[in-house]
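The values are calculated or read from the model by the stated rules, or taken from the named source; none is laboratory data. These numbers come from a predicted model, not from an experiment. A quick note on method: Cβ atoms are made from the backbone with ideal geometry, for glycine too, and the neighbour counts reach across all protein chains shown.
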Amino acid sequence: MVLRDFFIYLSENKLLNSAAQKYGLKMGAQSVVAGTSLPEVVQSIKELNKANISCTVDNLGEFVYEKSEATAAKNNILAVVQAIHDEQLDAHISLKPSQLGLDIDYAFCYENLKEIVELAYQYNIFVNFDMENYERLHSSFELLEELHKEFDNVGTVIQAYFFESEENIEKYKNFRLRIVKGAYKEPENVAYQSKGDIDRNYLKLIEYHLLHGKFTSIATHDHNVINHVKQFVKQHNIPNDKFEFQMLYGFRKEMQLDLAREGYNFCTYLPFGNDWYGYFMRRLAERPQNVALVTKQVFNKNTNLAIGIGAAAFALGRLSKKRK
Ligand SMILES: Cc1cc2nc3c(=O)[nH]c(=O)nc-3n(C[C@H](O)[C@H](O)[C@H](O)COP(=O)(O)OP(=O)(O)OC[C@H]3O[C@@H](n4cnc5c(N)ncnc54)[C@H](O)[C@@H]3O)c2cc1C
């Protein structure tokens, strides 16, 4: 738990995030981020498409507090939508409302989102609103609802660790939903804390949406969940075109290919861009073994400084909390 808290702490640190952007893809991030430029990501999508894997593309971006940064993010995402259309790729968009200005001004964020959703709608491309932390949950749902009045190519994510997700899955059953366990650190008054509770709720939500909802994306690397879903859809005669499995780029690559070969719809979440630090630290928080993926690169002289400074600040933070 301490290690998870440590990496989540790093993921939320704007200073380390900015420092990391200067280094390019390092600290092992290149194993889980599909490049820094659009041509690189287009190439990765083409390769995955050849293996019958579709993609959801995330133009990485967090800590957006200036309108100019949100506008730049919007333009980058519009370019991805255009590339998906021009190159006829089997891919859609994943975006974070905070990247488009949610923390600056709701109406400004809405206009940015609308521009993206509208272009994607013209090209019949789906846009997923990734879900961030609890503070942004309700405003993200609100944005989604407003846009859904005009465009049906939008959907979102339900995070199983929130108590309210059972209500939300019912409320949003007519949306295409991605269902996940949840990646952020949330307080005890809003979210389950134990793995057992989260896993139980996760299966419950998946089953509900498979039976009652629109299209379901089951986004997990957990083989137990995947095996459970395979049995469940068989028992309930749920056709393959009602759901897909999703995993993050770079994780369980063989299993991704196997699921596609078995005939299941499979979609890889493809993050790209310079702003990889927060995304990468959350991946390390989820699974300490992921650290092993990158240890070689972490301990090089250029980049261990960022983690080292973070570790010291984190330790000091814990110490001062204990003293209070
Ligand atoms: C496509 C996608 C999109 C996501 N979008 C969001 C989002 O919008 N918002 C959000 O909050 N979260 C999101 N997440 C993150 C998600 O909430 C979880 O934090 C993350 O997926 C880790 O949980 P898990 O279900 O993969 O399994 P875990 O609970 O991490 O792992 C369960 C078990 O699976 C096995 N396992 C897991 N990973 C591996 C591996 N790499 N190799 C071998 N075995 C492994 C291990 O046995 C492990 O004990 C997303 C995840 C995915 C895959």
Is there any pair linking a residue in segment 96-110 that is touching a residue at least 60 places away in the same chain (Cβ under 8 Å) and in the same structural domain as residue 135 (by TED's automatic domain parsing) to one that is assigned to a helix (DSSP H, G or I) and within 16 Å of the ligand (Cβ to nearest atom), with Cβ under 9 Å and at least six apart or on different chains, and which?
-> none
Of the residues in segment 154-183, how many are away from the ligand (no atom under 13 Å from the Cβ) and part of a strand (DSSP E or B)?
-> 2
Residue by residue through segment 96-119, note down the ones that are hydrophobic (A, V, I, L, M, F, W, C) and more than 14 Å from residue 137 (Cα to Cα).
-> 100, 104, 107, 108, 109, 113, 116, 117, 119
Give segment 235-264 a look and list any residue that's touching a residue at least 40 places away in the same chain (Cβ under 8 Å) and either assigned to a loop (DSSP other than H, G, I, E, B) or not assigned by TED's automatic domain parsing to the domain that holds residue 218 (or both), or say none.
-> 249, 250, 251
Residue 50: basic (Lys, Arg), at pLDDT 80 or above and surrounded by fewer than 16 Cβ atoms within 10 Å (Cβ to Cβ), yes or no?
-> yes
Please indicate, with yes or no, whether at least one residue in segment 220-237 is near the ligand (Cβ under 9 Å from one of its atoms) and of a type in the set (Phe, Trp, Tyr).
-> no
Filter result for residue 151 (without any contact (Cβ under 8 Å) to a residue 40 or more places away in the chain and more than 12 Å from the ligand (Cβ to nearest atom)) | yes
Identify, by number, the condition in (1) among the basic types (Lys, Arg); (2) touching a helix residue (DSSP H, G or I) at 6+ places or on another chain (Cβ under 7 Å); (3) within 14 Å of the ligand (Cβ to nearest atom) that residue 253 doesn't meet.
-> (2)
Log entry, pairs with first residue in segment 179-206 being more than 20 Å from residue 245 (Cβ to Cβ), second being basic (Lys, Arg) and away from the ligand (no atom under 12 Å from the Cβ), beta carbons closer than 9 Å, six or more apart or on different chains, reads 192/200
Taking interchain pairs and intrachain pairs at least six residues apart, which have beta carbon atoms under 6 angstrom, with the first residue in segment 125-146 and in the same structural domain as residue 54 (by TED's automatic domain parsing) and in a helix (DSSP H, G or I) and the second near the ligand (Cβ under 10 Å from one of its atoms) and aromatic (Phe, Trp, Tyr)?
-> 140/129; 144/129
Scan 100, 60 and give me the residue that is surrounded by 15 or more Cβ atoms within 10 Å (Cβ to Cβ), within 19 Å of residue 132 (Cβ to Cβ), within 16 Å of the ligand (Cβ to nearest atom) and at pLDDT below 95.
-> 60
Boolean, residue 7 is of a type in the set (Phe, Trp, Tyr) and at pLDDT 75 or above | no
